[in-house]
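The values are calculated or read from the model by the stated rules, or taken from the named source; none is laboratory data. Note that this is a predicted model, so its numbers are computed, not measured. Cβ coordinates were reconstructed from backbone atoms using ideal geometry, including for glycine residues, and neighbour counts include every protein chain displayed. Quick note on the areas: whole protein, heavy atoms, side chains included, nothing else; ligands and nucleic acids left out. Shrake-Rupley method; radii C 1.70, N 1.55, O 1.52, S 1.80 Å.
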Amino acid sequence: MAFLGQEEQIREFQDRFRYLYAALFIALGILISRMVFLQVLQGDRMREWSEKNRIKRVKVASPRGMIFDRNKTLLIDNRPAFDLEIIPQYLRESKQTQQVVARLSKLIGMPEKEILDTLERARNQPSFMPVKIKTDLTRDEVAKVESWRIDMPGVEVRQEIKRTNVHGEVASHLLGYIGEINSAELPIVNKTSVTKYELGDGIGKFGLEQRLERILRGVDGEELKEVDALGRIKLDSSKGRVPGNMESKPAVPGKNLVLTLDQDLQLAANKAFGDHIGSVVAIDPRSGEILAMLSRPSFDPTEFSRGISPALWNKLLTNPNHPLRDKTLQDHYSPGSTFKVLTAIAGLEEGVIDEKTTFTCTGNMRFGNRTYHCWSKHGHGNMNVVSAITQSCDVFFYKVAQKLKSVDQIAKWSNLLGLGRKTGIDLAREIPGLIPTEEWKRKRFNQPWNDGETLSVAIGQSFVLTTTLQLANAYAAIANGGTLYKPFIVKQTETYEGQVIQQTKPELLSKIDFPARDIALVKQGLWGVVNTPHGTAFHSRLPGMDFAGKTGTAQIIRLSADKLYGKCETWKFADRHNALFAGFAPQENPVIAVAVIVEHGCHGSSAATPIAKAIIKTYLQKYFPDLYGEKVLAARLKELKAATPPKPVKPVQEEAEDIVPENNERLPPATELPPALPPRPAVGPADLPELEE
Amino acid sequence: MTHSWTESPAPIDESTMRMGMYEEELRKFNWSLLILEVILFAVGLMNLYSATGVQDKSMGLYKQQLIWFGIGMGITGLVLLVHYSVLSRVAYVIYFANLLLLVAVLVAGKATLGAKRWIGFGGLRIQPSEFMKLSLVICLAKYFENDRTVGGMGFRDIILPTLLAALPAALVMLQPDLGTALIILLTFGTMMLFLKIKPRIILAIAICGAIALPVVYQFGLKPYQRQRIVSFIDPMADPKGSGYNSIQSMIAVGSGQLVGKGYRKGTQSQLNFLPEHHTDFIFSVFSEEWGFVGCMVLVGLYLAFMLNGMSVAYQSHDKFGILLALGIMTIFFWHIFINMGMVMGLLPIVGVPLPFMSYGGSSLMTSLVCVAILTNIANKKFMF
């Protein structure tokens, strides 16, 4: 080892400095290259990322189209509601979570545990997705939460426009409800829709809301907001900081619907129907416009659009009366006596009877080895087609059935009037009902048609099943002389500003060329039901307003003969008869046709007819005040009274039911419900109707 | 601040105290490093003001930094009063005193973010690990002052100096402060290379290092430190987690583009996307707001500072002076390179402050004292 002097060593050190300088410049070169790379070459991209960081695209929900009745009365509106959400991402430490939750619990009056549980449930979703803690905050709560927001990172109040049914439970089934789209529906709907759905978006789930989702739904907009790293929106951020190439997108509202419904009529129907179970349909026979549509029991759609509670949902599901089913078209019943007009039409058109044909009713009739009874034990005497309809004489229609070649002839005319097939209304899950034919029975049960069954079919029993909508539409066709329209509910669609986009035109389903004489006979009979003392609905007549129609009472369980003579009202509720009424008004140039079914209402005349009466009265008075206004009516009645002194009217037997006990071994009915619906209820027309008035 | 300093009778030395020469001394005085230091600090303070305007824990900290600078300037004045050769005499005392402080930190230190780095002195909180870098350089300069080895150091020659560096590095690692430990080792390594080691020793160390690296990675590092290295290699593997800092910092730097977003308009820092934006990531704040042009100016300032410092070392007339100045410049170099490198995603995230820019009293104080010593060396070179 050699030793050097300090000077030499210093000189040697100085020699080595060039390495140091080289190292320094290389290092600086590396750093500068990196700056060039990041700031110059990748600058645009980095700038974009930094913008994405701070600019939050806040979705602006588009208002859903509103729904109006035919007179532009608002039925479904969008009203603001406030939801509280937490974005779990911003609650990084458990201590922070506790603080925020504790504070929040005080502010919104919700137990801490409940908030934590909600957060826990959302654990498996990405942490940047907001978790809804509470819906429908009060204004007070909103103010409280907002004022504490700086201390509660990740807590947000989200304003949402909530679907509100202005009148509550009115036409709930028809209007339907919306709900949040779920993860199972998402891929399915996104396959077909142009603007994609996201979790949390509302979507129509029932009724028109579902059916016309495409029309009602708008296009969501976007608003650009500046946020900090904790996601808090900067309130003071000036517009200048949102770059020009990232523009906000305004929300496009959905289109409005104007329905054919009349809200006053709907309310009148609601009121008249009370707490009964069943359904009502009112149609304009001149076009097929649905004027009122009611199904009971029902639900409040607003509850759904704000996130229904599991308890309430459960209650709706387990209710034996199926509040979630639209009984106007998703449930079918034995039409009972309301079907007799179809038998009459079949008889008249097939030429087996005419206006001169009379049969004598002795109260029963032998056919084969059985006795078929009329509801009037002592018989109606000589009956022609008009009086048979008016007095609902069973024997007359048995005889007609006997004369007809086959049940297929009844089926033919029923089908022409829209029974046994879907009306085609643009609503979900309509069922076709059932009009039996010989072939049908062979196929269904592999058994030949039994002629005795034709007799039962003739009075609307046996396998015959109709929906309330079908019944109303068939009566509308009878009322207008044979034109069957496709019922419709949407009168027009409009833009948000009220500009008409599309108008529904009445659609003809079939036009039957009834001889005027035949239709007049049937209508005369129907008029008599309500307006002559022997008519089964004489109690519900509207003096001065001649409405016509047919009552029906359909037995729903098989009863022993002696029990059948008992009073229906004293029976167990589920065993009581279904009450029906189908009719129209006025007799000449009818403007409304109505069908009513009251489940377990006992008697068509006492339970169903008054409801139809209330609807008809409301409608006529509202739309034809110069013909049926209270004053006009009073004046006309006075005139009538003066002209014809009142005759003492023989009171009609309130209700007399007769039975057809021989029919007991009939086959079980075919219930053909779409698979989407829950199983049929134990009650309802599961057993064959055997009862007539 | 600087003005008041220039009036103080700084460059006084017995050997130079001749009447009529005083003004001459003042004229010949090497101001360059001090001036660069003041400029860099001014830029740093301005930048810190922007970074600490953010509504978070850093708010208003620039004032604190200004106070530290004032204290540091006072110390600078004191350092200039004493000939730097005094440091040679007390080198080991300083070194061991600092070691003791490091031990004290581990025993009675204050913890922040899970690491014990601070020790309280009255109301002051100091970070002995920052001073350790300088203490080690002084110690090594002293150690090699009288070394006469020629043709490179052998294995035996490096054992003791290695121990001198490894001891504080190990203590700092225990805090744990990976960044500072790294700076200590890198500074030591650079100085040793400069002092020349036999090539085969370098080769042996390189091989040992290559073998030891995985072992150290597996057993020597804490999980979070390992995570940092993983996320350095692939920051996008966990962009919201361990890769977050690195990504956000790169975005900040890059989004400054050519001329920056404007003073106090850096969204990454102002909206808190940048972590630790007043300390380790201060350079991101600067790059975001001043862009490539600003960065070039800053790099230019640092380059001027480095060149000036190195020329002090180069022109020093004694070995202690050369090694001391060189060691100090090595500390600065590694700080600048590692900090900028990690901020721009070139190096893993290790907590290393950027001299004169990052907030931190101990760090700033160390830098100021370093510059004071350099200036001292620079002004003594003619008085040999």
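Counting only helices (runs of 4 or more DSSP H) that sit wholly inside the range A:393-472, those with at least 3 residues that are of a type in the set (A, V, I, L, M, F, W, C) are A:394-403, A:407-416, A:451-458. When A:LEU84 is tested against (1) touching a residue at least 40 places away in the same chain (Cβ under 8 Å); (2) open to solvent by less than 50 Å² (accessible area, probe 1.4 Å); (3) part of a helix (DSSP H, G or I), exactly one condition is not met: (3). Could you please let me know if B:PHE292 is within 8 Å of chain A (Cβ to nearest Cβ), out of contact with any Asp or Glu (no Cβ under 8 Å at 6 or more places or on another chain) and closer than 18 Å to B:VAL43 by Cα? In short, yes.
Within the range A:416-454, being at positive phi and in contact with a Leu (Cβ under 9 Å, 6 or more places away or on another chain) holds for A:GLY418, A:GLY420, A:GLY424, A:ARG429, A:GLY433. For the range A:372-402, taking the residues that are more than 22 Å from A:LYS523 (Cβ to Cβ) and either acidic (Asp, Glu) or open to solvent by 30 Å² or more (accessible area, probe 1.4 Å) (or both), the one that is modelled with the highest pLDDT is identified as A:GLN402.
Consider A:ARG64 against the criteria (1) part of a helix (DSSP H, G or I); (2) under 26 Å from A:LEU224 (Cα atoms); (3) of a type in the set (D, E, K, R): it satisfies all of them except one. Which criterion is unmet? It fails just one condition, (1).
Evaluating B:TRP68 against the criteria (1) at pLDDT below 90; (2) of a type outside the set (Lys, Arg); (3) over 19 Å from B:LEU136 (Cα atoms); (4) open to solvent by 20 Å² or more (accessible area, probe 1.4 Å) leaves one unmet condition, (1). Looking across A:ILE308, A:ILE283, one residue alone is aliphatic (A, V, I, L, M), open to solvent by 10 Å² or more (accessible area, probe 1.4 Å) and outside any helix (DSSP H, G or I). It is A:ILE308.
If you take the residues of the range A:354-371 that are among the basic types (Lys, Arg) and modelled with pLDDT of 85 or more, which of them is nearest to A:SER337 (Cα to Cα)? Applying the filter and picking the extreme gives A:ARG366. A:LYS56 fulfils the conditions (1) in contact with a Gly (Cβ under 6 Å, 6 or more places away or on another chain); (2) touching a residue at least 40 places away in the same chain (Cβ under 8 Å) except for a single criterion, (1).
Looking only at the range A:39-58, filter to residues that are farther than 16 Å from B:VAL259 by Cβ and aliphatic (A, V, I, L, M); which one of those is farthest from the other protein chains (Cβ to nearest Cβ)? The residue in question is A:VAL58. One residue alone among A:ILE87, A:ILE76, A:ILE67 is aliphatic (A, V, I, L, M), modelled with pLDDT under 85 and touching a strand residue (DSSP E or B) at 6+ places or on another chain (Cβ under 9 Å), and that residue is A:ILE87.
Of all residues in the range A:1-12, those satisfying the criterion of being within 7 Å of chain B (Cβ to nearest Cβ) and either under 60 Å from the mean Cα position of the chain (by Cα) or open to solvent by 20 Å² or more (accessible area, probe 1.4 Å) (or both) are A:MET1, A:ALA2, A:PHE3, A:LEU4, A:GLN6. No other residue among A:THR135, A:THR73 is within 30 Å of A:ASP331 (Cα to Cα) and of a type outside the set (D, E, K, R) apart from A:THR73.
Among the residues of the range A:255-280, which ones are under 11 Å from A:PHE68 (Cβ atoms) and assigned to a strand (DSSP E or B)? Result: A:ASN256, A:LEU257, A:VAL258, A:LEU259.
Among the residues of the range B:17-55, just one is at pLDDT 90 or above and among the acidic types (Asp, Glu), namely B:GLU37. When the range A:150-188 is filtered for residues that are touching a residue at least 12 places away in the same chain (Cβ under 8 Å) and open to solvent by 70 Å² or more (accessible area, probe 1.4 Å), the ones remaining, listed by number, are A:ILE150, A:ASP151, A:ARG158, A:GLN159, A:ILE161, A:HIS167, A:GLU169, A:GLU180, A:SER183. Entry remark, the range A:13-50: residues being open to solvent by 60 Å² or more (accessible area, probe 1.4 Å) and of a type outside the set (Ser, Thr, Tyr) number 13 in total.
The rows are residues; the columns are (1) in a strand (DSSP E or B); (2) farther than 22 Å from A:VAL58 by Cβ.
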position: A:LYS132; (1), (2): yes, no
position: A:VAL142; (1), (2): no, no
position: A:GLY168; (1), (2): no, yes
position: A:LEU174; (1), (2): no, yes
position: A:ILE203; (1), (2): yes, no
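State whether the residues of the range B:355-372 include one that is out of contact with any His (no Cβ under 9 Å at 6 or more places or on another chain) and within 13 Å of another protein chain (Cβ to nearest Cβ). Taking every residue of the range B:355-372 in turn, none turns out to be out of contact with any His (no Cβ under 9 Å at 6 or more places or on another chain) and within 13 Å of another protein chain (Cβ to nearest Cβ). Do we find that A:ALA346 is outside any loop (DSSP other than H, G, I, E, B), closer than 22 Å to A:SER605 by Cα and open to solvent by less than 10 Å² (accessible area, probe 1.4 Å) in this structure? No; evaluated as a whole, the condition is false for this residue. From the list A:LEU91, A:LEU84, A:LEU119, the lone residue that is aliphatic (A, V, I, L, M), closer than 16 Å to A:GLY154 by Cα and in contact with a Ser or Thr (Cβ under 6 Å, 6 or more places away or on another chain) is A:LEU91.
Checking B:VAL86, B:VAL103, B:VAL79 one by one, the residue that is in contact (Cβ under 8 Å) with a residue 60 or more places away in the chain and open to solvent by less than 50 Å² (accessible area, probe 1.4 Å) is B:VAL79 and no other. The residue pairs whose first member lies in the range B:303-327 and is within 11 Å of another protein chain (Cβ to nearest Cβ), whose second member is of a type in the set (Phe, Trp, Tyr), and whose beta carbons are closer than 6 Å, counting only pairs six or more residues apart or on different chains, are B:TYR314/A:PHE17; B:HIS317/B:PHE384; B:ILE322/A:PHE13; B:LEU323/B:PHE144. Checking each residue in the range B:159-193 for being within 14 Å of chain A (Cβ to nearest Cβ) and over 19 Å from the mean Cα position of the chain (by Cα) picks out only B:LEU193. Within the bounds of the range B:257-278, is there any residue that is at the interface with another protein chain (Cβ under 10 Å from one of its Cβ atoms), closer than 19 Å to A:PHE37 by Cβ and without any contact (Cβ under 8 Å) to a residue 12 or more places away in the chain? No - not one qualifying residue is present in the range B:257-278. Residues in the range B:265-319 that are touching a Pro at 6+ places or on another chain (Cβ under 9 Å) and in a helix (DSSP H, G or I): B:ILE282, B:TYR302, B:PHE305.
Per-residue answers, yes or no, for (1) of a type outside the set (A, V, I, L, M); (2) surrounded by fewer than 19 Cβ atoms within 10 Å (Cβ to Cβ); (3) part of a helix (DSSP H, G or I):
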| site | (1), (2), (3) |
| --- | --- |
| B:VAL107 | no, yes, yes |
| B:VAL137 | no, no, yes |
| B:VAL150 | no, yes, no |
| B:ILE159 | no, yes, yes |
| B:ALA166 | no, yes, yes |
| B:VAL172 | no, no, yes |
| B:GLY189 | yes, yes, yes |
| B:ILE202 | no, yes, yes |
